[in-house]
Amino acid sequence: MRRLSKTAANLDNIEVRGWDVIRRVVPYLWPDGQAWVKRRVVLALAVLFSAKMIAVLTPLFYKQAVDALAPDGASAAAFLGMGAVGLTLAYGVARLMNVGFQQLRDVVFTPVGQRALRQLALETFTHIHRLSMRYHIMRKTGGLSRIIERGVKGVEFLLRFLLFSIGPLVLELLMIAAVLFFLFDVWYLAAVFVTIALYITFTFKVTEWRVKIRRVMNEQDTDANQKAIDSLLNFETVKYFGAEAWEAARYDRAMAQYQKAAIRTNYSLAFLNFGQSLLITSGLVAVMVMAVMGVERGDLTVGDFVMVNAYMIQITMPLNFLGTVYREIRQALIDMGDMFDLLEQPAEVQDKPNAPELIIAGGAIKMDNISFGYDAERPILKGVSLDVQPGQTVAIVGPSGSGKSTIGRLLFRFYDVNDGALCIDGQDVRDVTQDSLHAQIGVVPQDTVLFNDTIHYNIAYGRPDASEQEIIAAAKAAKIHDFITSLPDGYQTAVGERGLKLSGGEKQRVGIARTLLKNPPILLLDEATSALDTQTEMEIQAELKAMGQGRTVVTIAHRLSTIADADVIVVLEDGQITEQGTHQVLLARGGRYANLWNRQSEEAQEGV
């Protein structure tokens with residue numbers, strides 16, 4: 001009950017936003033500066049109107065054909081100068097033309113719908129990449145993918161059926177109502193009107209109830225999908241702990257909740273369908289009884305009876321369609337409401353209006369009393385000040401949780417500092433464009449994640465316009481070229497989801513090659529060689545050192561042996577700088593760095 005109450009509140013919000021959602025969709029249907037789209041929409045509407053006109057006229061041919069077959073059918077046979085055979089053929093042609101025009105309408109409109117779907121999908125995809133790291137850390141990837149999938153699919157549906165179902169349905173009903181009024185009498189029209197009114201009221205009321213249940217089902221579907229994706233992404237961890245049964249049970253519990261909601265959805269659908277059928281059948285029978293009585297009195301012909309039946313069936317079909325369309329439109333509004341909520345999610349880190357590009361003169365980095373916390377109650381950095389001169393290699397060391405990697409994220413501007421300023425060559429990173437900032441910094445993270453594509457693609461990601469020779473040179477510099485060429489498919493070898501087909505060291509070397517190919521003026525190495533064996537680490541350290549010549553390098557390290565030759569070593573503890581200097585100076589001081597060095601040296605000796 002609590003879940004349904006919450007769902008009802010969400011539904012009320014969707015109701016309020018329904019017209020806002022529709023207004024957001026309309027520009028995709030009638031876009032400025034896209035004359036070909038507007039021409040297609042107008043042509044589709046013209047074809048649709050023609051189809052409806054033919055649909056309303058079709059039963060007239062049917063009536064005349066039936067009357068022509070009656071013993072006194074001479075007058076009917078004179079209709080348009082055609083006999084019974086001609087009228088029957090005309091009836092068949094009219095039915096065929098109706099179907100043909102409907103299919104032509106779809107052909108004309110399909111490019112418009114597909115264009116809208118593509119545009120919105122691209123807009124959503126682009127916006128998600130603009131959102132902050134904080135947002136992505138807090139969101140569940142599986143749930144996010146389902147919101148996008150359902151929302152984007154709802155766009156084409158909403159565009160198509162707002163244009164081609166609701167309006168045309170009203171038009172067709174009005175035309176049929178006019179025919180019944182003028183050819184018969186007001187009681188036929190009254191019976192049809194009451195039937196339609198009761199049908200629409202029943203459909204809308206029950207559908208509102210069903211939408212609440214359907215929303216719960218969607219939430220359970222999203223939850224189950226998220227759990228499945230989370231488990232599959234952590235495949236190795238599941239295996240390490242023998243947790244297959246646990247994960248299966250966890251997924252099954254989520255699916256059990258989905259099953260309950262799905263059952264309620266199907267039960268409510270059965271109730272809706274039966275109720276709709278009862279109302280339509282009652283109206284159909286009432287009108288048919290009036291027609292039978294008219295034939296018995298001699299006021300109507302058998303052809304009139306057949307025509308009334310044809311019109312009632314013609315009304316029944318779109319009314320049944322109305323139920324489906326209304327349900328789907330309500331669902332589409334919910335799905336698109338979730339997606340538009342996502343699109344309206346503001347990016348935490350944004351460029352200032354007319355922000356200039358970052359201009360690199362030498363690559364000097366200045367941290368001026370910066371403070372930062374991922375949340376206000378838990379500060380990570382507390383008044384850190386540091387000057388990195390152009391071309392210097394600065395190493396940041398310290399225990400886990402001291403804020404080392406946070407400095408790297410602030411430098412790349414995944415987050416903005418809470419206080420103080422972080423500048424590159426005198427330019428506050430908050431004042432320049434993010435694209436230009438990212439282009440000037442190369443990052444080799446501790447955990448390199450690769451795309452599910454080829455090795456070639458993953459290396460070339462550092463600079464997509466690089467030549468084949470440059471890609472190979474980067475791979476050689478990262479000491480991975482020989483390994484790649486030993487593979488059956490060479491550079492075209494697929495690395496698997498998140499690079500799982502490669503070892504940790506191989507993934508790290510691909511990541512290093514990718515950054516080497518980017519060739520940026522500032523390097524950020526976040527435990528860049530942590531996954532490598534000692535020999536490979538020494539080789540790559542030499543390459544990274546050579547690459548760092550003439551560049552500013554910020555190295556975040558745990559193994560002190562890898563940064564002993566840094567120009568400046570900064571010791572960070574509890575978000576504050578406690579020591580800084582060269583390796584020799586810090587050892588001579590006998591402080592925290594010296595203690596860490598001695599401890600790691602002892603551990604290395606014990607491991608020999």
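Could I have the simple spin-label model distance between residue 256 and residue 201, label points 7 Å from Cα toward Cβ, reported in nm to one decimal?
Using points 7 Å along Cα→Cβ, the separation is 4.3 nm.
If you count only protein heavy atoms with a 1.4 Å probe, what accessible area per residue comes out for the chain, rounded to a whole Å²?
In whole numbers, the chain has 51 Å² accessible per residue.
Counting other Cβ atoms within 10 Å of each Cβ, which chymotrypsin sites (Phe, Trp or Tyr not before Pro) in the range 183-289 have at most 12 and sit in a DSSP loop?
Counting only loop positions with at most 12 other Cβ atoms within 10 Å, the chymotrypsin sites (Phe, Trp or Tyr not before Pro) in the range 183-289 are 241.
With Cβ to Cβ distances under 15 Å as the rule, what net charge do the other residues near residue 421 carry (K, R +1; D, E -1)? Mind dumping the intermediate values first?
Values: positive: 352, 366, 413, 430; negative: 368, 387, 416, 419, 425, 428, 431.
With Lys, Arg at +1 and Asp, Glu at -1, the neighbours total -3.
Which distance in nm do the two modelled labels at residue 237 and residue 489 give, with both placed 7 Å along the Cα-to-Cβ direction?
It is 2.8 nm.
Quickly work out the residue 371-to-residue 603 label distance, labels modelled 7 Å from Cα along the C-beta direction, and quote it in nm with one decimal.
With each label point 7 Å from Cα toward Cβ, the separation is 3.3 nm.
At a threshold of 8 angstrom on Cα-Cα distance, excluding pairs fewer than six apart, so keeping six or more, what relative contact order does the chain reach in percent?
After rounding, I find 13 percent.
Work out the charge dipole of the chain with +1 on the Cβ of Lys and Arg and -1 on the Cβ of Asp and Glu about the Cα centre, then indicate which of 547, 303, 519 is farthest towards its positive end.
303
Counting only DSSP beta bridges with both residues in the chain, what percent are antiparallel, rounded to the nearest 5?
55 percent
Where in the chain are the helices, taken as whole DSSP H runs, whose Cα atoms extend 20 angstrom or more along the long axis and whose Kyte-Doolittle mean reaches at least -1.0? It would help to have the intermediate numbers written out before the result.
Working: long enough: 2-29 (39 Å, -0.31); 35-69 (52 Å, 1.13); 84-130 (69 Å, 0.32); 141-161 (30 Å, 0.33); 167-183 (24 Å, 2.43); 186-233 (67 Å, 0.26); 244-297 (77 Å, 0.31); 302-343 (60 Å, 0.67); 504-518 (21 Å, -0.51); 592-607 (23 Å, -1.84).
Passing helices, by number: 2-29, 35-69, 84-130, 141-161, 167-183, 186-233, 244-297, 302-343, 504-518.
Which value at 222 nm does the chain reach when only helices count, each DSSP H run of 4 or more adding -39,500 (n - 2.57), with the total divided by all residues and rounded to the nearest 500 deg cm²/dmol?
One gets -22500 deg cm²/dmol as the mean residue ellipticity at 222 nm.
Provide, in order from the shortest bin, the percent of all Cα-Cα pairs of the range 479-602 in each 10 Å bin, continuing until the bin that contains the maximum pair distance.
11, 37, 30, 15, 6, 0
Heavy-atom accessible area of residue 252 with all protein chains present, probe 1.4 Å, nearest 10 Å²?
Counting only protein heavy atoms, residue 252 exposes about 100 Å² to solvent.
May I ask you to rank 561, 50, 268 by accessible area, largest first, using a 1.4 Å probe over the protein chains only? Numbers along the way, then the final one.
On the way: 561 85, 50 45, 268 5 Å².
From most exposed to least exposed: 561, 50, 268.
Over the chain, with every protein chain in place, what whole percent of the accessible area is carbon and sulfur at 1.4 Å, could you tell me?
Working: 18150 of 30840 Å².
Within the chain, the accessible surface is 59 percent carbon and sulfur.
The values are calculated or read from the model by the stated rules, or taken from the named source; none is laboratory data. No experiment lies behind these values; they were computed from the predicted model shown. With ideal geometry, Cβ positions are generated from the backbone for all residues, glycine too; neighbour counts draw on all protein chains shown. These accessible areas exclude ligands, DNA and RNA; they are computed on the full protein's heavy atoms, side chains included. Shrake-Rupley method; radii C 1.70, N 1.55, O 1.52, S 1.80 Å.
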